[in-house]
Structure formats: structure tokens, C-alpha cells
């Protein structure tokens, strides 16, 4: 039990590493920088890490079943909350640093750019999942909790779609995300068919 708790602390600290590196780059420590367009790079990297954590969260169940390591499921909530944390920072960086919290400009951007509409939809859908991630909420919601948290698959699809529509030339990154998500969703469908069949 103590080993698992220590491992949880380690995983928590590892999840903070991307933010730590970004902070050093913003501060320009040891010659680090975010490049020629720091705001755009910051928004992109925060979104990328949010999606990474979302897909890692979805990978927990297949990994647990393939390896037989049942304790992996204890990290799912933490990883899911980190996904929400990075995606919220992604949106706040866009709204604050890029749009200066100009509501009219943000709304206009959301209407004009479908990839922003999709990304914002994914974040909004993620809010109730983050708010109901506690054990107390699991008990209160009962079976409805599982139904609600199945939204994570739709959120992941919207997140990958957001990345795909945003890219103009180099589609390698979104194709990698699409492949990973297709494998994870394919596995889930296969698992459901086994239980139903």
C-alpha cells in the first residue's frame, strides 16, 4: 500500500513535468524559449499534453486487462484530471493571452473556426466528468456515473478531430492521434461485443 502511494506521488510529479518545462521556457531559463511565436506555441503544447493525458487515461483499461496489473486503474482518475487541467489551461491561454478575454472576439472566433467550436465542445463535456470524479459522486450517481463517464470517448474523438482540423500541412501528428484512438475505441468495441455476445 505504501509502495502504491509513493508511486502515485511519483506519477503526480511526472504529470507536472510538461508544465514545469513550459514554465522554464516562458521564463527563458538556461536559454530555453517557446520560439518565434510563444503564445501560439504555449497554446499548442498545453492542448497537446491535455490530449496525451486523455488518451493515456483511455489506455488504462486495455493495459490493465493485457498485463493483469489491476492497480493501474487507481491512476485513471488522476490522469483524467490532469487531462482536464491541461485542456483548461489550453483554453485559458487562448482566451487570455491570444484574445485578451475579449468575449466578442472569442465568440466570433468560435463561430468562424469549426476546429475551435469542436475543441470548446470537448472541454465543456469534460467539465461534468471532472466534477464527478470523486468516490462520493460515484456513490451518489450509482449507475448513472458510468453512463456519464462514457462521454470520455466522444470527448477524445472531438479532441482528435480538433487537432486534425487545425493542422494545415503536416498531418503526421493528427494521423498518429487518430490511429491511437482507433485502436483504443476498437478494443472497447471488441470488449463490449464479447460481453454482449
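Of the residues that sit in the range 56-76 and are surrounded by 12 or more Cβ atoms within 10 Å (Cβ to Cβ) and more than 22 Å from residue 192 (Cβ to Cβ), which one is modelled with the highest pLDDT?
Of the range 56-76, the ones surrounded by 12 or more Cβ atoms within 10 Å (Cβ to Cβ) are 56-65, 72-76.
Narrowing further to those that are more than 22 Å from residue 192 (Cβ to Cβ): 74-75.
Numbers: 74: 90, 75: 93.
Selected residue: 75.
Would you check if residue 148 is at pLDDT 95 or above, surrounded by 14 or more Cβ atoms within 10 Å (Cβ to Cβ) and under 20 Å from residue 74 (Cα atoms)?
On the way: at pLDDT 95 or above: no; surrounded by 14 or more Cβ atoms within 10 Å (Cβ to Cβ): yes; under 20 Å from residue 74 (Cα atoms): yes.
Here the answer is no, as residue 148 does not meet what is asked.
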- Message: Any residue at all in the range 20-39 that's under 15 Å from the mean Cα position of the chain (by Cα) and part of a helix (DSSP H, G or I)?
- Response: no
- Pick from the range 128-150 the residues that are closer than 17 Å to residue 82 by Cα and in contact (Cβ under 8 Å) with a residue 12 or more places away in the chain: which of them is farthest from the chain's Cα centre (by Cα)? 132
- Scan 81, 46, 87 and give me the residue that is assigned to a helix (DSSP H, G or I), within 12 Å of the chain's Cα centre (by Cα), farther than 30 Å from residue 191 by Cα and touching a residue at least 40 places away in the same chain (Cβ under 8 Å). 46
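Residue-by-condition table, conditions (1) touching a strand residue (DSSP E or B) at 6+ places or on another chain (Cβ under 7 Å); (2) exposed (fewer than 14 other Cβ atoms within 10 Å of the Cβ); (3) on the phi > 0 side of the Ramachandran plot; (4) at pLDDT below 95:
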| position | (1), (2), (3), (4) |
| --- | --- |
| 117 | no, no, no, no |
| 140 | no, yes, no, yes |
| 144 | no, yes, no, yes |
| 154 | no, yes, no, no |
| 172 | no, yes, no, yes |
- Would you please name the residue that is nearest to residue 183 (Cα to Cα), looking only at residues in the range 2-33 that are crowded, with 17+ Cβ neighbours inside 10 Å and touching a helix residue (DSSP H, G or I) at 6+ places or on another chain (Cβ under 7 Å)? 15
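The values are calculated or read from the model by the stated rules, or taken from the named source; none is laboratory data. What you are looking at is a predicted structure, and each value in this text was computed from that prediction instead of being measured. Please note: Cβ atoms are built from the backbone with ideal geometry, for glycine as well, and neighbour counts cover all protein chains shown.
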